[in-house]
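Report on one structure; see the data block that follows.
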Amino acid sequence: RGDPATLKTRFLENLEFAGARYSAVSARTDVAREALAWLSSVGLPSAVVAATDESLDGCGLEESEQLSVRRGVPGPADAATLTGVVSGIAETGTLMVRSGPKMSVRSWFLPKVHLAVLNASAICGSYEDAFARLHESCPVLPRTVTLITGPSRSSDIERIVQIGVHGPRALHVI
């Protein structure tokens, strides 16, 4: 529980605790510039496969001259994807994403890097709040709802933590 500023602070703290990173932009049109800067800072090519859903409209993707953007579904050779997010859950730093006719689950399971665009107003306190928000925005439930807490990790083999086993090795929230 808490006011929006408290929930945002708690979400960002828990997001980092889970091994993800974030950067803030002051305007939605700056998302492409920030994605480019982050990819460059970690030595990745300046290219993303962006989801085709409308949640990324107005993020400066089409106007960007330096960031190579392809809208669609990522393939095995694509290193980074960019998707929208339904909610950020403050209690755990978890992202809620959904599939749909224009949003493939491959967008957050296949690439080495998942860049996620989260509006600060979509940060809520609990899982129950996030599912209530999902029901408000999608009267018909999507085929898949995925809860993402940090980069993919597993310690199934000899209890040694492995990053990127079942999905991206890095998660960056803008």
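Some observations on this one:
- Considered as a group, the residues in segment 147-174 that are over 16 Å from L15 (Cα atoms) and either open to solvent by less than 50 Å² (accessible area, probe 1.4 Å) or among the basic types (K, R) (or both) include one that is modelled with the lowest pLDDT, and that residue is G164.
- Yes/no for T81 being open to solvent by less than 10 Å² (accessible area, probe 1.4 Å) and touching a helix residue (DSSP H, G or I) at 6+ places or on another chain (Cβ under 6 Å): yes
- Scanning segment 28-73 for residues that are touching a Leu at 6+ places or on another chain (Cβ under 6 Å) and open to solvent by 40 Å² or more (accessible area, probe 1.4 Å) yields S46, Q66, V69.
- Tally of residues being polar (S, T, N, Q) and either modelled with pLDDT of 95 or more or part of a loop (DSSP other than H, G, I, E, B) (or both) across segment 50-90: 4
- Qualifying residue in segment 19-27 (condition: open to solvent by 30 Å² or more (accessible area, probe 1.4 Å), touching a Gly at 6+ places or on another chain (Cβ under 9 Å), in contact (Cβ under 8 Å) with a residue 12 or more places away in the chain and among the aromatic types (F, W, Y)): no
- Members of segment 106-128 found to be open to solvent by 70 Å² or more (accessible area, probe 1.4 Å) and part of a helix (DSSP H, G or I), listed by number: R106, F109, S121, E128
The values are calculated or read from the model by the stated rules, or taken from the named source; none is laboratory data. These numbers were taken from a predicted model, which means no experiment stands behind them. Using ideal geometry, Cβ is built from the backbone for each residue, glycine included, and neighbour counts are taken over all protein chains shown. Ligands, DNA and RNA are excluded from the accessible area calculation, which covers all protein heavy atoms including side chains. Shrake-Rupley method; radii C 1.70, N 1.55, O 1.52, S 1.80 Å.
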